[in-house]
Ligand code: BTN
């Protein structure tokens, strides 16, 4: 199937008010998130979607790189003016994760789940990562734009992942759907979620996709290692963990590890 990124194709499936002018398709870029950050200086009024066929400096969380080879993935960022978002901006990562899972499930027939907070897994492998960043006003320090970057390994062959990713990363290999349609469907779902502004409903759905709830997890906070059971996700998207010593820990950020046999969801 021809799978060339095209804004006309994206517009065919788009139902979230994107115009031709608000979609930027690039062949190659350092990072679509960085591109959005530069774009924010021109003060766009609504939202802009930036996609690229490859990134030379794809960025992940915690200063990591996001492997972004040519034509085999989706590398997209949405630049959103905070004026248009009613949903708590801290929940936008959660919203993006749910949007991706819905599209993988409903349009690609892929059973995806989310490892708190925003790594998406399918068939035991990480297939998607999300990096949300803010652009703040230098004078008031308040957020004026949010950039939500989503990277999905669509058809990246296992053997080309860098060695350190080979055992962790995988691709979704969807059948009968193009990257353009997947991109449009994700932006539609994401738009629907933040317009609805129902945090409780969002978290309920996020919990259904969760890979960590009920499992033993370990994490580091302030240089200290903890182990316990992930028991809940609260309305702020924080992970509640019952530690082995009986204490309850609320994780607001960071990363958790799961045992290697835990990456396939059990219901
Ligand atoms: C992670 O897994 O740590 C997050 C990865 C986010 C990758 C996407 S690809 C599109 C956008 N541009 C970037 O440089 N990063 C995000």
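When the Kirkwood radius is taken over all Cα pairs of the range 167-216, what Stokes-Einstein diffusion coefficient follows at 37 °C and 0.692 mPa s, in µm²/s?
Numbers: Rh = 13.6 Å.
For these conditions, the coefficient is 241 µm²/s.
For residue 27, project a label point 7 Å along Cα to C-beta. Then give me every residue of the range 56-73 with its amide nitrogen under 15 Å of that point.
Under 15 Å, as judged by backbone N against the label point of residue 27, lie 56, 70-71 of the range 56-73.
For a quick check: sort 179, 59, 37 by the number of other beta carbons within 10 angstrom, fewest at the front.
Numbers: 179 25, 59 20, 37 17.
Placing the least packed residue first, the sequence is 37, 59, 179.
Would you compute, for the Cα atoms of the range 114-201, the largest minus smallest coordinate along each principal axis and list the three values in descending order, in whole Å?
For the range 114-201, the Cα extents along the three principal axes come out at 48, 30, 26 Å.
Expressed as an acute angle from 0 to 90° and rounded to the nearest 10, what is the orientation of the C-alpha long axis of helix 199-209 relative to the principal long axis of the chain?
70 degrees
Each label point is 7 Å from the Cα along the Cα-to-Cβ direction; what then is the distance between the points at residue 249 and residue 231, in nm?
According to this spin-label approximation, the distance is 1.4 nm.
Report, largest value first, the span of the C-alpha coordinates of the range 134-175 along each principal axis, in whole Å.
48, 27, 12
Mean 1/r over all different Cα pairs, inverted: what Kirkwood radius does the range 51-130 give, in Å? List each step's numbers first, then the result.
Details: mean 1/r = 0.0719 Å⁻¹.
With all distinct Cα pairs of the range 51-130 included, I get 13.9 Å.
What shape does the range 63-110 have by the C-alpha gyration tensor, where a ≥ b ≥ c are the square roots of the eigenvalues, rounded means a/c under 1.5, and otherwise prolate means a/b greater than b/c and oblate the rest?
Values: a/c = 2.21, a/b = 1.31, b/c = 1.68.
It is oblate, given that a/c is not under 1.5 and a/b is not larger than b/c.
At a threshold of 8 angstrom on Cα-Cα distance, excluding pairs fewer than six apart, so keeping six or more, what relative contact order does the range 5-100 reach in percent? Mind dumping the intermediate values first?
Numbers: 127 pairs, mean separation 23.9, N = 96.
This gives 25 percent for the range 5-100.
So how tilted is helix 92-108 from the main axis of the chain? Cα-based, degrees 0 to 90, rounded to 10.
Between the helix axis and the principal axis of the chain, the angle is about 80 degrees.
Using all alpha carbons of the range 43-198, what is the percent of pairwise distances in each 5 Å bin, ordered from the shortest bin to the longest?
Taking every Cα pair in the range 43-198, the percentages come to 2, 9, 19, 23, 21, 14, 8, 4, 1, 0.
On the principal axes of its Cα set, how long, how wide and how thick is the range 1-112? Give whole Å, largest value first.
Ordered largest first, the range 1-112 gives principal extents of 38, 34, 30 Å.
Taking the range 94-147, how much of its Cα-Cα pair set, in percent, is spaced more than 19 angstrom apart?
The proportion of pairs with Cα distances above 19 Å equals 39 percent.
Could you give me the percent of Cα pairs per 5 Å distance bin for the range 174-267, shortest bin first, beginning at zero and ending with the bin that holds the maximum distance?
Pairs per bin, as whole percents: 2, 11, 18, 18, 16, 14, 11, 6, 3, 1.
Considering the chain as a Gaussian network with a 10 Å cut-off on Cα pairs, which listed residue, 126, 195, 115, attains the greatest mean-square fluctuation?
Answer for the Gaussian network model of the chain: 195.
Ranking 187, 231 by Cβ neighbours within 10 Å, fewest first, what do you get?
Details: 187 27, 231 14.
Ordered from fewest to most neighbouring Cβ atoms within 10 Å, 187, 231 come out as 231, 187.
Could you work out how far apart the two model spin labels at residue 224 and residue 71 are, taking each label as a point 7 Å from the Cα in the direction of the beta carbon, and quote it in nm?
Placing both labels 7 Å beyond Cα along the Cβ direction yields 5.3 nm.
Where does each of 26, 18, 78, 39 land when they are ranked from fewest to most other beta-carbon atoms within 10 angstrom? List each step's numbers first, then the result.
On the way: 26 15, 18 21, 78 27, 39 18.
Exposure proxy ranking, most exposed first: 26, 39, 18, 78.
Per 5 Å bin from zero, what fraction in whole % of the C-alpha pairs of the chain is there, up to the bin with the longest pair?
1, 6, 13, 17, 20, 17, 13, 8, 4, 1, 0, 0
Every number here is computed from the coordinates shown, using simple stated rules; none is lab data. Since the structure is predicted, the reported quantities are computational estimates derived from the model, not experimental observations. Every residue, glycine among them, receives a Cβ derived from its backbone with ideal geometry; neighbour counts consider all protein chains shown.
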